[in-house]
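As structure tokens, the structure follows; a few thoughts come after it.
The values are calculated or read from the model by the stated rules, or taken from the named source; none is laboratory data. If you're wondering where the values come from, they're calculated on a predicted model, not measured in any experiment. Note that we place each Cβ from the backbone using ideal geometry, even for glycine, and neighbour counts take in every protein chain shown. Ligands, DNA and RNA are excluded from the accessible area calculation, which covers all protein heavy atoms including side chains. Shrake-Rupley method; radii C 1.70, N 1.55, O 1.52, S 1.80 Å.
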Amino acid sequence: MDKWNYKRVVMFTIALLAVVTVFSVSFAYFTIELREGELFTTQGGVNPGTMPEINFTENQEGVSLTNTYPMPDSAGIKVKDVYTYTVENTDANKAVNVVVSFEVLNNSTLEDNLVNYLLNGSINTLVSNNTTKTTSTNYKTAYVIDTYTLAAGASKTSNLKLWINENGTLENAQNKRWSGRIVVSAAFVEE
């Protein structure tokens, strides 16, 4: 290959890489911008003031479902976004009772009874669960979604999926916002 053709190939490759880089950065920027208007967001944490030492880890910073719509449970259980979290009892000697709650933000406009969830194989609607006290004034309602006991040093991993149930319509679900967080509380098992 002569020197002129080599320079053309190099210049074409550099130009192509520049175009791909600009496109990739633009795509990432617009993808992030689209995610800011998510219908569902979930964040997790441990309730402050919890006496036993427990660890809470999550597979991602919250659940996000974009472009969602009302669907039957048979479709809801197939949604791809799974929020996975693990609660670990770090105490080496005592078992703990764990309460997992879902707190709904005050600025949520979608009615809670339109939200179904799948947690470890069980489908429920938020209003079908017991309500509990919120941990902050930023949240309007808290629902207990799971309770269990962890032996000393044990852990439990849970998978959560959320969707708008079949009762959602254009009037009560379209252009609505709903978000919240998972809160884990623990207490030592009474002996």
Practice prompt. Estimate the FRET efficiency between ASN93 and ASN59 by the formula 1/(1 + (r/R0)^6), using the beta-carbon distance for r and 35 Å for R0, to the nearest 0.05.
Written response: 0.75
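For GLU111, GLU166, GLU103, GLU58, what's the largest-to-smallest order of accessible area, 1.4 Å probe?
Details: GLU111 95, GLU166 130, GLU103 0, GLU58 70 Å².
Heavy-atom accessible area, descending, gives GLU166, GLU111, GLU58, GLU103.
Given the Cα-Cα distance of ASN5 and ILE123 and 0.36 nm per residue of separation, how much length would full extension add, in nm?
Values: separation 118, 0.36 × 118 = 42.48 nm, distance 6.43 nm.
Taking 0.36 nm per residue and subtracting the Cα distance, the gain is 36.1 nm.
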Item to complete: Just read off the accessible area of PHE188 with the full protein assembly in place, 1.4 Å probe, to the nearest 10 Å².
Response: 70 Å²
Discussion item. Please report the carbon-and-sulfur percent of the accessible area for region 79-180; probe 1.4 Å, protein heavy atoms only, DNA, RNA and ligands left out.
Written reply: 42 percent
Worksheet entry | Reach of LYS94 by Cα under 29 Å, taken over lysines that are not fewer than 8 positions away in the same chain | LYS133, LYS156
Worksheet item: Stretched out fully, how many nm does the piece from ARG177 to VAL79 gain, at 0.36 nm a residue minus the Cα gap?
Response: 33.4 nm
